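Structure first, commentary second.
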Amino acid sequence: MPQSADEQHNKRANNGDKQGYQVIPDAQLAERTTFGVPARAHWLARVMDRDAIPELTADTQFQSLPRLILGGGSNVLFTRDFPGLVLAMENRGIEVQTRRGKHDRIRVSAGENWDQFVRWSLDQGYAGLENLILIPGSVGAAPFQNIGAYGTELEEFVDAVHAWDSEAGEFVWLDREACAFAYRDSIFKRHPGRWIITELDLVLPRSGTPRIHYPGVRDMLDKLGVDKPAPADVALAVETLRRRKLPDPAEIGNAGSFFKNPVVNTSKADELKHDHPELPVFALEGDRAKISAAYLIEYCGFRGTRSGNAGVSERHALVLVNYGGAKGSELWRLAEQIRDTVESEFGIRLEPEPVIL
Ligand SMILES: Cc1cc2nc3c(=O)[nH]c(=O)nc-3n(C[C@H](O)[C@H](O)[C@H](O)COP(=O)(O)OP(=O)(O)OC[C@H]3O[C@@H](n4cnc5c(N)ncnc54)[C@H](O)[C@@H]3O)c2cc1C
């Protein structure tokens, strides 16, 4: 371990965190991911101030090393130690910027917790984010895969994403179009490591009609005795549904949905629907349809199965779980087995949703 550099960095960090970051050598990452698998980073940099990024990234010590940006670790799977610099964005702050008619622009820092930010927005009387409640992780990671749930995706509220562009060596901002958002995808995901997202500008309406068409939401509102739902009612319905369906990472390690719902052309979807009338199919624009990956996995008999300390959740066939003590490589082996079985049964190759390292 390069002790001298370590001492030097920690001294700087201990000097009142003047640089706004702290560097830790040989850092354990298990507690920083929701899968909780063991993995060490050669270096971990906690970034509390975005203005520290230029100095940190220019440090010759780190320049030649592979780099990974880490938020809440709820969408990554480490299959081995990381031989480079892990950059944890921990900058905080929420600022209401301008009023635009019936909307406000809110700037929120990457290190804020997404779910807490959604709850803050509801407390302030904003509408729009209620369906995205209880998604784990940081604000900075939300644009990376254009988080979505219960019929809402982040992209519709994005005004701009602020980032450090590692290629250009400067702070930049990207408007919504430049972010090239798609289903669980964005320009950030297509060029991992290039942009370190520092803040997100969202435009939120001060009132709005809640979106309750997603299966289960209306029924849950009925159960809760709500006739004309306000955003907070929809948030409660979604939260209740999510708590029932998804295992809590605080209790059992997981990263939510492990595979994306595959998108196929309509003739393939029709063919599958003919053989499997119960398969959920969602029509998309053009000649395409999204089909349920959970159905395909469940059909192949994986729901509730266990292989060593890795397994597939009893509650949801899309969720891989760490029963305790599983290694990332063990979970990945199980994922490969699922992917290969589904492919030989249905001719569809599932893609993982988390980033596999
Ligand atoms: C129980 C559970 C339920 C979930 N439900 C949903 C859901 O309903 N919908 C959904 O979309 N997702 C869901 N997820 C996945 C996950 O919560 C989201 O993808 C979330 O946005 C990840 O945030 P994070 O901070 O944990 O990111 P991390 O896991 O730390 O990182 C994920 C990726 O984003 C990159 N990244 C992180 N921060 C930055 C940054 N500041 N700048 C640039 N890149 C960055 C990382 O490099 C990595 O490639 C769920 C996960 C769990 C565990």
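Some points to look at:
- Identity of the residue in region 112-134, open to solvent by less than 20 Å² (accessible area, probe 1.4 Å) and part of a loop (DSSP other than H, G, I, E, B), that ends up nearest to the ligand (Cβ to nearest atom): ILE133
- Identity of the residue in region 155-168, more than 8 Å from the ligand (Cβ to nearest atom), at pLDDT 95 or above and under 18 Å from MET89 (Cβ atoms), that ends up surrounded by the most Cβ atoms within 10 Å (Cβ to Cβ): VAL161
- VAL226 part of a strand (DSSP E or B) and modelled with pLDDT under 95: no
- For region 141-154, the set of residues classified as near the ligand (Cβ under 9 Å from one of its atoms), in a loop (DSSP other than H, G, I, E, B) and open to solvent by 10 Å² or more (accessible area, probe 1.4 Å) consists of ALA141, PHE144, GLN145, ILE147, TYR150, listed by residue number.
- Some residue of region 219-229 being crowded, with 17+ Cβ neighbours inside 10 Å and farther than 21 Å from ASP123 by Cα: yes
- Residue, nearest to the chain's Cα centre (by Cα), within region 242-261, restricted to residues that are in a helix (DSSP H, G or I) and within 11 Å of the ligand (Cβ to nearest atom): ARG242
- Whichever residue in region 262-312 is among the hydroxyl-bearing types (Ser, Thr, Tyr) and assigned to a helix (DSSP H, G or I) and, among such residues, is farthest from TYR183 (Cα to Cα): TYR299
- Sole exception among (1) open to solvent by 60 Å² or more (accessible area, probe 1.4 Å); (2) among the small types (Gly, Ala, Ser); (3) near the ligand (Cβ under 10 Å from one of its atoms) for ALA88, by number: (1)
- Residues of region 21-33 classified as within 22 Å of the chain's Cα centre (by Cα) and crowded, with 23+ Cβ neighbours inside 10 Å, total: 2
- Conditions (1) within 16 Å of the ligand (Cβ to nearest atom); (2) of a type in the set (Val, Ile, Thr); (3) open to solvent by 20 Å² or more (accessible area, probe 1.4 Å); number of the one not met by VAL96: (1)
- Members of region 34-81 that are away from the ligand (no atom under 12 Å from the Cβ), hydroxyl-bearing (Ser, Thr, Tyr) and open to solvent by less than 30 Å² (accessible area, probe 1.4 Å): THR57
- Within region 195-241, the set of residues being within 16 Å of the ligand (Cβ to nearest atom), in contact with a helix residue (DSSP H, G or I) (Cβ under 8 Å, 6 or more places away or on another chain), under 30 Å from MET89 (Cβ atoms) and of a type in the set (A, V, I, L, M, F, W, C) comprises TRP195, ILE196, ILE197, LEU202, VAL234, ALA235, VAL238, LEU241.
The values are calculated or read from the model by the stated rules, or taken from the named source; none is laboratory data. Note that the structure is predicted; figures quoted are calculated from it, not measured. Note: ideal-geometry Cβ built from the backbone for every residue, glycine included; neighbour counts use all protein chains shown. Note: accessible area is taken over every heavy atom of the protein model, side chains too, but ligands, DNA and RNA are not part of it. Shrake-Rupley method; radii C 1.70, N 1.55, O 1.52, S 1.80 Å.
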